Structure formats: structure tokens, C-alpha cells
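None of the figures in this text is laboratory data; all of them are computed from the coordinates on show. Only a predicted model underlies this, so the values are computations on that prediction, with no experimental measurement involved. Reconstructed Cβ throughout: ideal geometry from the backbone, glycine too, with neighbour counts over all protein chains shown.
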């Protein structure tokens, strides 16, 4: 099977860890990179190293996510690869967790991923070699074809991959590229 040639990658939730490694990998593969984070000032060195462009975006805000995709399209082009790497965490013993902190972590991890995946799907739906990389819990269910509009807290993390693969069956939910 031939691996598609990707040209533009958007990484949402960019930071110094996994997303920085992906930006470096994409850059070495001659893929133009757009990085999105709430605080873009932390991305200066990575942008210099990889030639990436940084965009400010709070992935939990629908208007900001839509604006992000519009800016990336205008300034770089339509992404072939979209990676959602933002996540929220509530730390501590289970019995000591603050419910509001857990709710916020779920909003960032699940709802933010949904918003990014939805915008990616709208723009990628007619392309034959587009790719959306989602959190591990999402990727495990990417190949399922059935999509339901009923989203509960227990199914929020599984809705986007179903929607991504349902319209045309052509949007991949993982990166078919060997990592060094």
C-alpha cells in the first residue's frame, strides 16, 4: 500500500513533548507545520527549529477552533494531517478529586477533541488522503462506521472518529508514517 504524501500538518495542543516530536518528524518529511496552543509564546524555539507557524487557540471554544482552521487555510493551506494533542488532567487520589477539575479535564480532552475533529472533517471530507490523529481512546474506535448523534459522557471520546470515517470512509484516524 502506498503511503500518501502529506504536505501540511496542524497540531492542536502543541507543547514540548509529543507534539514537538511530531513537529520535528513532519518537518524532516518536508511537511509544513502549523502549531496551535493557548499560549504560543512557549512555541518560539520549536517554530524556529522546524519552520512551523504558531497560532493561538483555546481548543474548548468552538469559535476559536473554527477561526484557527480558517487562519491555517489562508496562511498555509488546508491541512492533510490534524493531530489533537491537548488534554486536561485532574491529579490526586480518586476520593480527593475536585469535581470541577475533573469536568474541566473532560472538556479539554473530549470536547476540545470533538471540536477539532469536526472542523477537520468539514475541510477534509472530499480529500482521499487526509489524516486525523486523535487521542488513544479515540483511535481505538476509528474504524467503526456506525455514527450516532447521541453523545453521553461515556461515549464522548468515541463520537468524533465515527463521524470522521462515516461521511466518505476516506479520512484516516492515525498517522500511517513510520516513526524514526
Please work out the C-alpha center-to-center distance from the range 1-20 to the range 96-115 and express it in whole Å. 24
Rounded to 0.05, the calculated FRET efficiency for the beta carbons of residue 122 and residue 102 at R₀ = 25 Å is 0.25
Simple label model, 7 Å out from Cα along Cβ direction - residue 94 to residue 40, nm: 4.2
Relative contact order (percent, whole number), the range 1-61, Cα cutoff 8 Å, 6+ residue spacing: 33
Rounded, prolate or oblate (a/c below 1.5 giving rounded, otherwise prolate when a/b exceeds b/c) for the range 1-135 by Cα gyration tensor: prolate
In nanometres, what is the gap between the two model label sites at residue 71 and residue 21, each 7 Å from Cα along Cα-to-Cβ? 2.7
